């Protein structure tokens, strides 16, 4: 556990390369506390495409959805917060907005009649995009956001699309799981790739043993 106020964008970049992701906890007595996690069943989407059902395609054609990128990053991240038991804390929002300003945290926004109704955000290091969370205020809006974000990542040359932790919603869209060892193998290869959305990885041996929190 670390004090989120002491974390920098470089801390997130380093831990992304280590296969870790940050989570706060608004039930914690320390509102600034951040912990880093490793998923032993890592969820990813194949770069060939996510599963887009016929009904989702029809909904996208039928309603006047507008898809944008990087026009409302803070709004998307804030909207991903749940009514209670949040892992997205104000400390994390401020940190990720700093990363967004640096150019390697990105969001996909879905609008309907001028209203933000869905979105997803994440970070890009090397050739991996790590989708962190998504939300919807209209049926199918979060699925559309993820679908269009994945398409954008295909266009930009990403080789790994990470979704962190598997759940039935992600499975319905075609997500699959890798062991931590398999994921790290793909992640190491992805670090050799750069895209217009990415930050340059640290030059480190990601398989070396050591304390990943030393950078803090």
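Couple of notes before you dig in:
- The numbered conditions (1) in a loop (DSSP other than H, G, I, E, B); (2) more than 24 Å from residue 190 (Cβ to Cβ); (3) touching a residue at least 40 places away in the same chain (Cβ under 8 Å) are all true for residue 83 except (3).
- Among the residues of region 174-194, not one is more than 26 Å from residue 14 (Cα to Cα) and crowded, with 19+ Cβ neighbours inside 10 Å.
- For region 155-175, filtering for residues that are outside any helix (DSSP H, G or I), under 16 Å from residue 129 (Cα atoms) and more than 16 Å from the chain's Cα centre (by Cα) leaves 1.
- Meets criteria (assigned to a strand (DSSP E or B) and either in contact with a helix residue (DSSP H, G or I) (Cβ under 8 Å, 6 or more places away or on another chain) or more than 20 Å from residue 48 (Cα to Cα) (or both)) for residue 76: no
- Each residue in region 88-112 was checked for being in a loop (DSSP other than H, G, I, E, B) and either closer than 14 Å to residue 135 by Cα or at pLDDT 95 or above (or both), and 3 of them qualify.
- So residue 15, is it farther than 24 Å from residue 159 by Cβ, surrounded by 15 or more Cβ atoms within 10 Å (Cβ to Cβ) and at pLDDT 90 or above: no
- Failed condition for residue 97, given (1) touching a helix residue (DSSP H, G or I) at 6+ places or on another chain (Cβ under 8 Å); (2) closer than 25 Å to residue 184 by Cβ: (2)
- In region 19-38, the residues that are assigned to a loop (DSSP other than H, G, I, E, B) and buried (at least 18 other Cβ atoms within 10 Å of the Cβ): 19, 24
- Taking the listed residues 61, 5, 13, 42, the one that is on the phi < 0 side of the Ramachandran plot, in contact with a helix residue (DSSP H, G or I) (Cβ under 7 Å, 6 or more places away or on another chain) and outside any strand (DSSP E or B) is 5, with no other qualifying.
- Residue within region 143-150 that is under 17 Å from the mean Cα position of the chain (by Cα), touching a residue at least 12 places away in the same chain (Cβ under 8 Å) and in a strand (DSSP E or B) present: no
- Qualifying residues in region 103-123 (those that are in contact (Cβ under 8 Å) with a residue 60 or more places away in the chain and crowded, with 24+ Cβ neighbours inside 10 Å) - the one nearest to residue 188 (Cα to Cα): 123
- Inspection of region 142-163 identifies no residue that is at pLDDT below 95 and either surrounded by fewer than 22 Cβ atoms within 10 Å (Cβ to Cβ) or on the phi > 0 side of the Ramachandran plot (or both).
The values are calculated or read from the model by the stated rules, or taken from the named source; none is laboratory data. Everything quoted here is computed from the prediction, not taken from an experiment. Using ideal geometry, Cβ is built from the backbone for each residue, glycine included, and neighbour counts are taken over all protein chains shown.
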